[in-house]
1. Once you treat every alpha carbon in the range 54-147 as an equal point and sum by Debye, what is log10 I(q)/I(0) at q = 0.11, 0.16 Å⁻¹?
2. Taking 8 Å as the Cα distance limit and 6 or more residues as the minimum spacing, I'd like the relative contact order of the range 89-139 as a percentage.
3. Taking the Cα-to-Cβ direction at SER134 and at ASP105 and moving 7 Å from each Cα, how far apart do the two end points lie in nm?
4. What distance in nm separates the simple spin-label points at ASP64 and GLN82, each placed 7 Å from Cα in the Cβ direction?
5. Which one of GLN144, SER134, PRO81 has its Cα pushed farthest toward the positive end of the charge dipole of the range 54-147, where Lys and Arg give +1 and Asp and Glu give -1 at the Cβ?
6. Please give the charge dipole size of the range 54-147, origin at the Cα centre, charges +1 on K and R Cβ atoms and -1 on D and E Cβ atoms. Round to the nearest 20 debye.
7. Report the full-extension gain for the segment GLU73 to GLN144: residue separation times 0.36 nm, less the Cα-Cα distance, to one decimal in nm.
8. Once you sort the root eigenvalues of the Cα gyration tensor of the range 55-96 as a ≥ b ≥ c, which label holds: rounded (a/c under 1.5), prolate (a/b larger than b/c) or oblate (the other case)?
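Bear in mind that the values in this text are calculations on the coordinates, not laboratory data. These figures come from a predicted structure and were not determined experimentally. Neighbour counts are summed over all protein chains in view; Cβ atoms, including those assigned to glycine, are modelled from backbone coordinates with ideal geometry.
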Amino acid sequence: MSQMSRRNVLAAGAVGVAGVALVGCSSGDDTSTSEPTDQATEPAQTSPAAAGEELVATADVPVDSGVIVDAGETKVVVTQPQAEQYVGLSAVCPHQGCLVNEVADQVIVCPCHGSQFSITDGSVVQGPAMTGLSPVPVVVDGDQIVLG
Ligand code: FES
């Protein structure tokens, strides 16, 4: 391989690396199902829990906020945007599949790339996620929130 062709190959390799880096930093307009790149974040689990499974006591879900609870092998966000109005949402971020990990200031936060979702309906408040959290049916059963 000549000096010139080796240089061209190296340049092409650099462009390829830059292209991969750009894909990794995309603004979320892709529909990639690739794994999250943040290894410090727990990977999302998707096995559904059974209907009727108790998720959390109603008293443990703060008004105007919410909690993230275990549901089978995955997690569910239970919020209470208004008194005695409970909302269930998947904790799996639709951006690249991380689990959201915080409910604060009326938003649900994904730690991987900073997406934020409304506690009212899971809609996107801040990207890069382009779609909101999926709804999870929940009902009040006595003093418990259970899967619907
Ligand atoms: S996985 Fe990227 S913001 Fe949630």
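1. With one equal scatterer per Cα and no solvent, log10 I(q)/I(0) is -0.26, -0.54.
2. That works out to 34 percent.
3. So the label points at SER134 and ASP105 sit 2.9 nm apart.
4. 1.5 nm
5. The listed residue farthest towards the positive side: SER134.
6. Dipole magnitude for the range 54-147 comes out near 360 debye.
7. Length gained, GLU73 through GLN144: 23.6 nm.
8. oblate
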